[in-house]
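Reviewing the structure listed below.
The values are calculated or read from the model by the stated rules, or taken from the named source; none is laboratory data. Since we're looking at a predicted model, the values are computed, not measured. We place every Cβ from the backbone using ideal geometry, glycine too, and count neighbours over all the protein chains shown.
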Amino acid sequence: MLTALGGSLIIAFVAGGLTLGLRSLGGLLTPPRTTAPERVPFLGGLGPETHAWSRFHVRYYAMALLFLAFDMEMVFMYPWAVVFLREGMKAMVEMLMFIVILTLGILYAWRERALRWS
Amino acid sequence: MAGARVEVVLGQRPGILKRLAAMAPVRVFAISGSESAEIETLIADLELEQEIVLTDSPRSANVLLAMGEFPGSMQESARRIHDQLCGPRRTLWLRQNVSAPSEAIFPKAIREDTHCDLALLLRKIHRDLLTGVEPSEEPILPDEEPALWRGVGPYGQGGTGMTGGVPYGRPMPETAPDRDGLALDQLSVRVGPFFRPFPSGLTLALKLQGDVIQEAAVAENPFDAKKLNPDFESGDPFIRALSEPVPVVEMEMARARHHLHWLCNALQVHGLGALGLRTRAIARSLSPGMIAPIAQLRKILRYSRSVSLVGAGVGVIQPDKIRDRGLGPVARAAGLREDLRMTDPAYQELGFEPVVHAENDVRSRLWQRLDEAMQSVTLAARSGNATSGGGGRVEGPRGVITLDGNSLPLLLGLLPDLLYGLEWGDAVATVVSLDLDLRDVRSQRVS
Amino acid sequence: MISYGRLLGELATIALVLLAGVYATVVIDLWAGRMVARAPVRAFRALTFPIRQTALFLLQQRATTERPDAPLWALAPALLAAIAAASLLVIPFSSQTSAAGIESGIVYFGALMALVMIAVYLNGWSANSVFPIIGGYRFIAEALSYEMPLALVLIGAALPAQSLSVSAIVISQDSLWNVIRQPLGLPIYLIAGLGVAFWGPLALPDAADLAGGTESELSGVQLLLWRTARIAVLVAVAAMGAAVFLGGWTGPWLPGAVWMTLKTIALIFIMVGAGHLVARVRLERFVLVAWTVLIPLALLDVFAAGAVVLAGSPR
């Protein structure tokens, strides 16, 4: 017997392994090429001047922080959904208060232009 | 050689897989140099084929379709694209006059003139290539690393950390201040001349921080007016109208077709390939007064809110920069009532009133051209035998054309300011919305 | 708990569902595209298209770039395929095969779908090329925005069931499907689902304006696997939507599995059709709309669902 999580891990590994296996099979049928000009990344015809890897400026970082706050809220909401009916109105009101505070956070972020960056 | 090895492997493997692959849709990456109207029609027809796919990137294509003559500065890029196609690969080079002398840009290419049945030919090339009848082409450029290997460490990163050296001969991006007051990496990239959403030949030198453009410069136009094929513009009614009267119906139908072909490209860039094809088909079978299919297309775009999803508030130009400069649809989409046809007696008789949109962004340029196409089809149906032109100035589909030139240099000059600070997708949408054609140096040649 | 025999059965079912689902989706997509284009469809060619395309990609070389991150590049499609396959484990295709012992099915599903972000980012990062990298970072912004609405509407559906198990949610729809009981739920779920599969209007990481973005350096078998895995994610999203909002296997006359298949295909059809009719949204606009419209609406959906449950409870 397996735990359910073990089962899902096995399924994930089988799917991932099959994908990697097919990839190798494709590599055997037609080996990846090797000359230098064939490796130049595509930019519309001209070669790159620098490596593409860089410290990318993630301009939506403020939104990403907002997401963290909401992601924590989700953690509370899953168990809340299960006990909701048992707790009744109390659960409803408590979560509503919590959400209203978080939604004010969205409004604040929106006013501070955290959701746009160009 | 890699190509030879592929051939050996493919050669040993006859049978079902190869036969099935030979029956697959042909994946084509198309690059165009100086083109004639004939070739433009060919490529438009090609897109309507169910079994031919034009790819956005050369990587996943098997056939490189090169069209026309490539001026000197584009040849190196064309060869690089050739090498970026993943094998098995083959090149088809279409030229107006196949026997004319040319530089050997693609030494092994199949050469054909523009009268061939392109779809059939592409399918045959694909079939021969995949079944192994024809060998895959070797890379053209020499197998040289971009620079000497100077790295130390397992990934050749030179010193320590990601930015410590010169891996693979290419430097790491430099650091530059950002408007947020931070010092961050700045990617310098040159995009073009065969980047599919851009007009052929357009190269932008960009400095990117994140996905936002910090600096944009337009590289020199590779298409030199003097070198173009003299037959190039013979069929263009707008060029003829510079020097002689041309039937209004002919000009208006050409304008409508032009706008619809542009719309097709724009829709493809915005992820609406299927509707783009529909536009292409409408443009191909367009006749005077045939307004219903365009109106239906407009309805779909309005109900799906597609046009405002991609273009609301994007690429706004200061109206002062485009006022009275003869920029045609771009100016009219900015709310400026500018159209040479307003003062033309032939059009005045038809009760011509220019279509105007006010928002001056990518969205209103889309609506503008769609509405102008409908207007032109209507005008064409009503115009009878009216003629117009011969005055040396014509309202072309991209704006005013005169004996000395057209709106292209002006529009190109607008780009650096316009692109500054835009997110990448918005920048591409803006370039597309201006309807640039770097080969459109025709009028500059007439004088 | 799950036995090895059961696991084998699950594996076979998942493989069948994914392969058939991907095949059907490709054909539906092709057909819908030709319909929208008003172009003739040759039925035989459309039906055999996936096979021929697969053969071509198997015989096409795989692209490499200058100093790519090779292990991660190989891992990206494998991860995406693993996500799609594992998520199907909690989706019941009939009342017998329901939910292999994972009680918190929608938590599990949400957690897996969050990993799609990693797979897409890896695919964009590892080629060491500009367009894929921009595509990868774009998708992170997109994913952070659709994540919340997706999870919230699933929680809304869990309220009447008093359980996070997908089977329980299906059973709770015996009297009335969630699509009617919670009218905001399915539309929001489908929008977020388009985001998860980065499809159609939300195909931001592999858009044409980036010459294919995260796909622009892919060819041959690599491209085949990536696209297959991505469509598998779409199938998983549609199957989950059918279970949670359209009553899953319940339905008259026909066996449960048939109902589930029909409902899944209907949702696939809606999503694929939207891809041909709605233009790709600007990233900034999507982020703004997701936070200021979709999330508030999803919250409204949750509390409205809660109110309905409370009003209907016997207390």
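For the range B:338-360, the tally of residues that are of a type outside the set (Gly, Ala, Ser) and touching a residue at least 60 places away in the same chain (Cβ under 8 Å) stands at 3.
Listed here are the residues, each with its yes/no results for (1) outside any loop (DSSP other than H, G, I, E, B); (2) at pLDDT below 85.
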| site | (1), (2) |
| --- | --- |
| B:ALA104 | no, yes |
| B:LEU120 | yes, no |
| B:ARG123 | yes, no |
| B:ASP128 | yes, no |
| B:GLY153 | no, yes |
| B:GLY158 | no, yes |
| B:GLY161 | no, yes |
| B:GLY164 | no, yes |
| B:PHE195 | no, no |
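Counting residues in the range C:267-278 that are more than 13 Å from C:TRP199 (Cβ to Cβ), of a type in the set (A, V, I, L, M) and crowded, with 20+ Cβ neighbours inside 10 Å gives zero.
Within the range B:73-91, the set of residues being of a type outside the set (Asp, Glu) and over 19 Å from the mean Cα position of the chain (by Cα) comprises B:GLN84, B:LEU85, B:CYS86, B:GLY87, B:PRO88, B:ARG89, B:ARG90, B:THR91. Against the conditions (1) surrounded by fewer than 23 Cβ atoms within 10 Å (Cβ to Cβ); (2) modelled with pLDDT of 90 or more; (3) more than 9 Å from chain A (Cβ to nearest Cβ), C:SER98 satisfies every one except (2). Is it the case that some residue within the range C:183-206 is within 13 Å of chain A (Cβ to nearest Cβ) and touching a Pro at 6+ places or on another chain (Cβ under 8 Å)? Scanning the range C:183-206 turns up no residue that is within 13 Å of chain A (Cβ to nearest Cβ) and touching a Pro at 6+ places or on another chain (Cβ under 8 Å). Here B:GLN375 passes the criteria (1) over 26 Å from B:LYS207 (Cα atoms); (2) touching a residue at least 24 places away in the same chain (Cβ under 8 Å); (3) out of contact with any helix residue (DSSP H, G or I) (no Cβ under 8 Å at 6 or more places or on another chain) except the one numbered (2).
Candidates C:LEU150, C:LEU190: the one that is in contact with a Gly (Cβ under 8 Å, 6 or more places away or on another chain), buried (at least 24 other Cβ atoms within 10 Å of the Cβ) and outside any loop (DSSP other than H, G, I, E, B) is C:LEU150. Among (1) under 22 Å from the mean Cα position of the chain (by Cα); (2) within 10 Å of another protein chain (Cβ to nearest Cβ); (3) outside any helix (DSSP H, G or I); (4) surrounded by fewer than 23 Cβ atoms within 10 Å (Cβ to Cβ), where does C:ARG38 come up short? Of everything listed in (1) under 22 Å from the mean Cα position of the chain (by Cα); (2) within 10 Å of another protein chain (Cβ to nearest Cβ); (3) outside any helix (DSSP H, G or I); (4) surrounded by fewer than 23 Cβ atoms within 10 Å (Cβ to Cβ), C:ARG38 misses just condition (1).
In the range C:72-93, the condition of being modelled with pLDDT under 90 and over 19 Å from the mean Cα position of the chain (by Cα) is met by no residue. When the helices (runs of 4 or more DSSP H) confined to the range B:339-447 are screened for residues that are within 12 Å of B:ARG255 (Cβ to Cβ), those reaching at least 3 such residues are found at B:362-382.
Within the range B:33-46, the set of residues being buried (at least 22 other Cβ atoms within 10 Å of the Cβ) and either modelled with pLDDT of 80 or more or assigned to a helix (DSSP H, G or I) (or both) comprises B:GLY33 only. For the range A:48-78, filtering for residues that are in contact with a strand residue (DSSP E or B) (Cβ under 9 Å, 6 or more places away or on another chain) and more than 7 Å from every other protein chain (Cβ to nearest Cβ) leaves 0.
Residues in the range C:152-182 that are within 14 Å of chain A (Cβ to nearest Cβ) and of a type in the set (S, T, N, Q): C:GLN162, C:SER163, C:SER165, C:SER167, C:SER172, C:ASN178, C:GLN182.
Taking the range A:29-43 only, how many residues are more than 7 Å from chain C (Cβ to nearest Cβ) and under 24 Å from C:LEU210 (Cα atoms)? Number satisfying all stated conditions: 3. Just to confirm my filter: which helices (runs of 4 or more DSSP H) fall fully inside the range B:216-331 and include at least 2 residues that are facing another protein chain (nearest Cβ under 10 Å) and more than 19 Å from B:TYR347 (Cα to Cα)? Here the list reads B:248-269, B:273-284, B:292-303, B:306-311.
The set of residues from the range B:44-78 being away from every other protein chain (no Cβ under 13 Å) and without any contact (Cβ under 8 Å) to a residue 60 or more places away in the chain comprises B:LEU65, B:MET67, B:GLY68. Scanning the range A:17-28 for residues that are facing chain C (nearest Cβ under 7 Å), at pLDDT below 85 and farther than 25 Å from B:PRO142 by Cα gives a single hit, A:GLY26.
Here's the yes/no breakdown for (1) touching a Phe, Trp or Tyr at 6+ places or on another chain (Cβ under 7 Å); (2) farther than 23 Å from A:THR35 by Cβ; (3) crowded, with 16+ Cβ neighbours inside 10 Å:
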position	(1), (2), (3)
B:ARG95	no, yes, yes
B:VAL98	no, yes, no
B:ALA104	no, no, no
B:THR114	no, yes, yes
B:LEU120	no, yes, no
B:ARG127	no, yes, yes
B:VAL133	no, yes, no
B:GLU137	no, no, yes
B:PRO142	no, no, no
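Answer yes if at least one residue in the range C:129-138 is touching a Phe, Trp or Tyr at 6+ places or on another chain (Cβ under 9 Å), assigned to a loop (DSSP other than H, G, I, E, B) and hydroxyl-bearing (Ser, Thr, Tyr), and no otherwise. The answer is yes; a qualifying residue exists. Per this entry, A:LEU43 is not counted among residues that are of a type in the set (A, V, I, L, M, F, W, C) and farther than 30 Å from B:THR203 by Cα.
Summed over the range C:101-151, the residues that are more than 8 Å from chain A (Cβ to nearest Cβ) and free of Cβ contacts under 8 Å to residues at least 24 places away in the same chain give a count of 2.
Being modelled with pLDDT of 90 or more and exposed (fewer than 13 other Cβ atoms within 10 Å of the Cβ) is the requirement here; does B:ALA358 meet it? So B:ALA358 does not fit the description; no. The single condition among (1) of a type in the set (Val, Ile, Thr); (2) touching a residue at least 60 places away in the same chain (Cβ under 8 Å); (3) within 11 Å of chain A (Cβ to nearest Cβ) that C:THR64 does not satisfy is (2). Residue pairs whose Cβ atoms lie under 7 Å apart, separated by 6 or more positions or on different chains, with the first residue in the range C:283-300 and more than 9 Å from every other protein chain (Cβ to nearest Cβ) and over 11 Å from C:TYR146 (Cβ atoms) and the second assigned to a helix (DSSP H, G or I) and modelled with pLDDT of 90 or more, are C:LEU297/C:ILE188.
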